[in-house]
Structure formats: C-alpha cells, structure tokens
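Beneath this line is the structure, given in structure tokens, with notes to follow.
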Amino acid sequence: MRLLRGAKKSASAREVRQPEESEIAGVLGSTEIKIAYKMGYVLNFYREPSFRKIEMELGITRPEIVTLIFLNFREGVTASDICEFSGHLKANISRGIIALEKKKLLRREADKADNRRQLLFITQAGRALYAQYIPHLREREREMLSCLTRSERNEFERLLDKLASHVPHWAPVDEL
C-alpha cells in the first residue's frame, strides 16, 4: 500500500490503498457516460483538494474563491454574470459576495444605467488574497497536465475551448 502523495510518513500517518491504473480505467471506461464521468473524475481530484486547502488556510469558501477569480479578470459585473459564467448557483454566489464585501475583498456600486443592478469590483485586499492562492492552483494544474506533451496540452486546450464555447447551445442558464 502506498501513502497518499504529500502525506508525511509517521506512525500516525493513515495508509490509504491507491487503486491500480487498470482498476481506475475499468471503472471510468465502464460507465454509460464515459467522457463526462472522466472529466468529473479529473476535475474532482484537481478542485476538491485545491479548494479545501484554500478554505482551510485562508478562510474563504468556494463561492468566494470563484468570485475573486472572476473579478480578478473582469470587474463591473453582476452576481448573475458570475453565475452564468461559472455555473454556480445564485444563492451560493450571493452568499459569497456578501461575505467578500464584509471582509472588504470586493465592493459594490449601483449601475448608473440601472440603479437596481449592483456591479462588483475587487479591492486591493481582494487582489492580494487572490495572489496568495492562485500560485497553488496554477501548480496543481501543472501537475495535473504533466502527463501530456506540449503538443497534447495545446490540442487539449483547443478542444476544451471548443467545448466551452458550445455550452450555451446545450446547457441554458435557466437550468442552474
């Protein structure tokens, strides 16, 4: 049996049996939704440990993490914009926005064209917090993709771009 990667070896270290490659392939290749199941499998092993680490170390939740990632690249958007882009539930993103505002990591402004709409902007403190966790996410992504050659990574990214641009055609926002 192998210890989980990254775990320290000690008398108290918990040993966890790692499934063999053939076992993983057997499960992933046996479902009726092979591609979606494999995508979920890979993403779960990227996202869950990554976000859990950020939550524990920095005290922010997943909706807060997602919101700061979005606002770091595009400000002056609404909570609905973030939900439409991320696929996260509006209630979760709204709670995240409230928490981020209380922590002074984002600020809201009324839309000059429509006072009912609240536009969101990341603060300097929000950018500083983002800068603390994004290196970990980049490194985790690098590790995830390390089995691919440069050419395979480029092709994989091209195919993901194609799938992502197709989302609005098969997954309407009102399904969330």
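Read-outs throughout are calculated quantities, based only on the coordinates presented, and are distinct from any laboratory measurement. The structure presented is a predicted model; accordingly, all values stated were derived computationally and were not measured. Cβ coordinates were reconstructed from backbone atoms using ideal geometry, including for glycine residues, and neighbour counts include every protein chain displayed.
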### Query
Around L106, which amide H atoms from residues at least 5 apart in sequence, or from another chain, sit under 5 Å from its own amide H, with H modelled in the peptide plane?
E101, T123
### Query
Quick one: Karplus J couplings for region 130-143, per residue in order, coefficients 6.51, -1.76, 1.60, θ = phi - 60°, nearest Hz, x for Gly and Pro?
3, 5, 6, 9, 5, x, 4, 5, 5, 5, 4, 5, 4, 4
### Message
Along the Cα→Cβ direction, 7 angstrom out, place labels at I69 and D161. What is the inter-label distance in nm?
### Response
1.9
### Query
Which ³J(HN,Hα) values in Hz, rounded to whole numbers, follow from the phi angles of region 92-97 under the Karplus curve 6.51 cos²θ - 1.76 cosθ + 1.60, where θ = phi - 60° and Gly and Pro get x?
5, 5, 4, 4, x, 5
